[in-house]
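What follows is a short report on a single structure.
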Amino acid sequence: MLRRQAAGSLARGVRALSTAGGSQLACLDDARSVLRLEGRGLLEYLQKIVSNDAHKLAAPGAPPLYACVLTPQGRYLHDMFLHRVEAASPDAQAVLVDCDAGQRRSLMDLLQRYSLHHKIDVTSVSKNYSVWTAFGSSIAGTAAAPERVWPADPRLPALGRRTILPRGSAPTATASSSEYACWRIKQGVAEGDAEIPSGEVVPLEYNLDKLNGISFEKGCYEFVARVHALGVVRKRIMPFRLGQARGASCLSTVPLAPGHSRIFDVFDAEENLRPIGKVRALQGEFGLAKLRLKEAMAAIREEKPLLVGDLEAGTGYAEVWPWRPDWWEPSWGYEEGFEEEKQRQVA
């Protein structure tokens, strides 16, 4: 009976989302994997590991939780979405984990290492489940889809809905994972260890606090909490559009083309081609780059492009036109002169 009800909810959700103008359904099998965690005291175990408040999953029907695993020094390791599901025994708890496919083994090893004293089972269930997303220009306002089957993406309303579905009951995709990635990139949101380099970056530089990935009420991660309290982050991930090529370069081969082992630098043309950031993702003409905010905001204000290319190869450059997502905090980019910037805008 419960299985038939779930199947009916899924079908109604697919119909509601499919008929919403501008909406698309995409399966993220090539980018995301699914793990299952189960055991007694699972939420307490997660509370000690992830950056968000795992106790939010305790309530029946709790929505998915976006979270990260950080190093003891507060550097990003992995991102994940935690979905509460029914456990095999009444005294246990279980979650499905939507995680980066390329780092699945690394995340499993980490979770198993921390689970030794908690008796938590960590298994890969990607053969049985897949990650799906419903996205598009009007998807955030689609209220007809059942929230428990098609919950809202916990990061940002513009990202639509995101869920984990059994493979046997999955809908038919109407868009590719690349099309979803392009939509996500245009919202200014990085995802996975290829775009957020594991072990290297401060999560606030990738806006993970504003994307509901960090709880500052847990009393953990002193370095991250200190940066948050100071309110000054000098580099952030930003969306951009590629413009015309300069020199001998071809737009399809300049930044982050498949097979490149290095990440391309972004330069300020008026600062003697001084590097001010790096490209982290590219889908078609849109991408994400971690940029120094001082130079990036000046480029936006003065309507001038930045440049991206390979100085060593001498293949020329392509123009980079960054923009400021509308969901950003008003002070971002102006932390060291917010009052002056507000006065300038009023004038």
Quick check on this structure: which one of Lys290, Lys210, Lys294 is over 17 Å from Glu319 (Cβ atoms), over 23 Å from the mean Cα position of the chain (by Cα) and either part of a helix (DSSP H, G or I) or at pLDDT 75 or above (or both)?
Lys294
Any idea how many residues of the stretch 269-282 are in a strand (DSSP E or B) and at pLDDT below 90?
3
Take the residues in the stretch 229-245 that are loosely packed, with under 15 Cβ neighbours inside 10 Å and in contact with a strand residue (DSSP E or B) (Cβ under 7 Å, 6 or more places away or on another chain), then tell me which one is modelled with the lowest pLDDT.
Gln244
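The values are calculated or read from the model by the stated rules, or taken from the named source; none is laboratory data. In this text the structure is predicted, and so the values were computed from the model without any measurement. Quick reminder, even Gly has a Cβ in these numbers, built from the backbone with ideal geometry, and neighbours come from all protein chains shown.
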